[in-house]
Amino acid sequence: MIMKKTATISSFNGMEQLFTGEDINSLKRSFFEMQHLYQSAIREISTKLEILDDEFQVIHKRNPIHHMQSRIKSIKSIIEKLNRKDYEISLESAKANLNDIAGIRVVCYYIDDIYMIAKMLTQQDDIVLLRVTDYIQNPKENGYRSLHLVVSVPVFYSDRKEIVPVEIQIRTMAMDFWASLEHQLRYKTNDTVPLSVAKELQECADTIAKTDRKMQSIYKSIEEIKKGNL
Ligand code: GTP
Ligand code: MG
């Protein structure tokens, strides 16, 4: 499994003007402390997932995870989201109101791997499951599929423990293929996709989902043959 992109601490990016009435240096310090906290939470969760993936390889001679990506929400997106949701614009408000400042995407081989990884992670006793959105059982209207979890994980510092939320998107390679292209198309067309195109995209998502289920069943048949049951 490859860790494709590690979240990097992003810069303050000229957003100072949006925070008024505060000492800019202490604001910058708080901002970097906050980024470090979310970066640490990502490391905690990534390590847990890597260990689970390695263990599965040792026992079953294959990896359930194809690759992972992670990101920390940029200050620009944090401000946009706080605005969109009508929350106060401050670092404290971001910490209190946003669950997706730290994000990890886990791309698996098979559909069953998704649920297995989700179960193995969330049953660990330092992890608290805060939210599950199953866009595989209930795909979005546009065809988007993935399992979304929000979990919290403790991060231990020299003198304290912080509980940090992390958004985890778990999907197959096929779901990732569709979501990446759809995201790019939407970005290129500024969110306005004609209805006929939207329908075609949704049909692609359905075809891809069907193929995903077929590949899963082929895998199961081969496992049965290997066990001598077929
Ligand atoms: P917001 O983050 O405020 O939008 O609300 P939410 O957390 O309830 O959103 P949701 O869980 O539906 O989506 C969070 C993330 O999932 C997005 O930032 C995307 O990365 C991904 N996602 C959700 N819907 C789509 C979609 O239709 N297409 C693609 N490509 N990605 C999606
Ligand atoms: Mg979100």
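Read the figures in this text as sums done on the coordinates, not as results from a lab. Worth saying up front: this structure is predicted, and the values here are computed from it rather than measured. Every residue, glycine among them, receives a Cβ derived from its backbone with ideal geometry; neighbour counts consider all protein chains shown.
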Length gained when the stretch VAL128-SER217 is fully extended (0.36 nm per residue, less Cα-Cα span): 28.8 nm
Span-rule helices in the chain, defined as complete DSSP H runs reaching 20 Å or more along the axis (Cα) with Kyte mean at least -1.0: 24-60, 173-188, 195-227
Sequence ranges 26-32, 39-45, ranked by mean other-Cβ count within 10 angstrom, highest first: 39-45, 26-32
Rounded to the nearest 20 debye, dipole of the stretch 129-206 from Cβ charges on Lys, Arg, Asp, Glu: 160
Convex hull volume per residue for the stretch 21-174, taking Cα atoms only, in Å³: 129
Simple Cβ-charge dipole of the chain, Lys/Arg +1 and Asp/Glu -1, about Cα centre, in debye nearest 20: 560
With 5 Å bins from 0: P(r) over the stretch 65-143, alpha-carbon pairs, percent: 3, 11, 17, 18, 20, 15, 12, 3, 0
Under 17 Å from the Cα of LYS61 - lysines, other chains or at least 8 residues apart: LYS220, LYS226, LYS227
